[in-house]
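All of the numbers you see were taken from the coordinates with simple rules; none came from a lab. Quick caveat, the model's predicted, so the values are computed rather than measured.
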Amino acid sequence: MVRSLPLTLVPLIVFNIFAFQMLGAEPGDPWLAPLITVEMISGARFTLTSGDLLIAASIVLLFVEILKATRIGPALADHLFSMIVFVVYLIEFLTVSAAAHSVFLILTVIAFIDVVGGFSVTIRAARRDVGFGRDF
């Protein structure tokens, strides 16, 4: 059961913890807080914000989720939980004012890609397992 929980749930929990200031964050937009500033060779300054880091981590988790979709075994629970997580993202984006943020929208899109990608990989793998009309 725990293996069926989608990893896209982690960014949702992290976003909510910071958005609702459960860790005692300072007032203001927590996703614009600079984490690292690096002077590039070109002379430009690159600044990594907390929102950028959350999005990058979510993309890595999406990759792991797509890999999980390729494993053999019961995929129905995986798809069901991924769909539920996506619906939670969507409802929160539409109804909660703290979630009306570009970072949350991108996280919602990542959750949607998890759902569509999981179904696509499973269907594609099932097609290879069943051969209709082939001469053996």
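Suppose we look only past 15 Å in the calculated P(r) of region 42-86. What percent of the Cα-Cα pairs does that tail hold?
61
Over region 72-123, the pair-distance histogram of Cα-Cα distances with 5 Å bins from zero comes to 4, 22, 27, 19, 13, 9, 5, 2, 0 percent, rounded to whole numbers. Scaling the Cα radius of gyration of region 2-129 by the globular reference 2.2 N^0.38 Å produces a ratio of 1.22. For T49, the residues 5 or more places off, or on other chains, whose built amide H falls under 5 Å of its own are L35.
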